[in-house]
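The values are calculated or read from the model by the stated rules, or taken from the named source; none is laboratory data. Small disclaimer: the values here were computed from a predicted structure and weren't measured. As a convention, Cβ positions derive from the backbone with ideal geometry for all residues, glycine included, and neighbour counts pool all protein chains shown.
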Amino acid sequence: MAEGDREAFGRLVRELQGPLFGFLGRMGLNQARGEEIAQETFLRVWQHFSRYRADRGSLTTWTFTIARNLALNSLSRAASQREVPFGDALPEIACERPLPGEALAVQQQHHRLRRALLALPPGDRALLALIYVQELSHADVARIEGCSAGAIKTRAHRAKARLRQIMEDEDGR
Amino acid sequence: MEDELDRLLRTPILRPPPDFAGQVMKRIQHLPAPEAVPRWQSAWRWLALAAAAVPAMLQLLAFMFGMWAATAAG
């Protein structure tokens, strides 16, 4: 992306907005906070573009690094202020005119997943949220998390096992 | 269970609102275009860092030599 090139930046926003919202949803943020953080992420990419170093990873990796940090800060701020924006007030469902029966099933599954994700520590949640971004490879996630690709696989495996356990426990109740 | 979990994690929980990109572009219109850091400026920073590091290293070595001299004399 050429610096100052608003058109290229617009393309970047359109290309990454879907994956970014997917990531923020898995982080347990609601629609309003997700939008706020997604906007802030893109604004920072624009404002601090001169700090981007192509030799340290792709622009996508850099964008998700910013988003991850903003999301984790938002979660810790909410926790310290004893806000409950991610607890019972679960994020709204993102669906575009699905069939009622299908919509209900999707909604229930998402509700179940969110509840389980919210029970995970933020670090594990961030890792799982990143792992499922199709645009990022394991090496990219390792770069964002600041550890080796091997460590990412181990941590992701553990986090997924923990998530599965939480979901099974919830189902058993 | 694993397949279901993978599938669930892949489905987007949140989606961007219809004109999200437009909103972002509207906001950046009020911001200045990002400025490039000139190469010479970056090189100058490294030079300044090296210039500060050399006396610091010399001071550390002098301290270590002083400690060694004091213990060897005793």
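Numbers at a glance
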| item | result |
| --- | --- |
| Residue within segment B:17-31 that is part of a loop (DSSP other than H, G, I, E, B) and either in contact (Cβ under 8 Å) with a residue 24 or more places away in the chain or surrounded by 11 or more Cβ atoms within 10 Å (Cβ to Cβ) (or both) present | yes |
| Residue list for segment B:7-26, filter: at the interface with chain A (Cβ under 7 Å from one of its Cβ atoms) and touching a Leu at 6+ places or on another chain (Cβ under 9 Å) | B:8, B:9, B:13, B:14, B:16, B:24 |
| Among residues of segment A:118-173, those that are outside any helix (DSSP H, G or I) and more than 19 Å from residue A:57 (Cα to Cα), counted | 3 |
| Subset of segment A:28-60 (residues that are among the small types (Gly, Ala, Ser), within 17 Å of the chain's Cα centre (by Cα) and not in a helix (DSSP H, G or I)) | A:28 |
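Every residue, every condition in (1) more than 29 Å from residue A:109 (Cβ to Cβ); (2) more than 10 Å from chain B (Cβ to nearest Cβ), yes or no:
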{"residue": "A:9", "(1), (2)": "yes, no"}
{"residue": "A:38", "(1), (2)": "no, no"}
{"residue": "A:47", "(1), (2)": "yes, no"}
{"residue": "A:52", "(1), (2)": "yes, no"}
{"residue": "A:62", "(1), (2)": "yes, yes"}
{"residue": "A:65", "(1), (2)": "yes, yes"}
{"residue": "A:72", "(1), (2)": "no, yes"}
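Yes/no matrix, rows are residues, columns are (1) β-branched (Val, Ile, Thr); (2) closer than 30 Å to residue A:17 by Cβ; (3) at pLDDT below 90:
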| residue | (1), (2), (3) |
| --- | --- |
| B:17 | no, yes, no |
| B:22 | no, yes, no |
| B:33 | no, yes, yes |
| B:36 | no, yes, yes |
| B:41 | no, no, yes |
| B:44 | no, no, yes |
| B:55 | no, no, no |
| B:61 | no, no, no |
| B:69 | no, no, no |
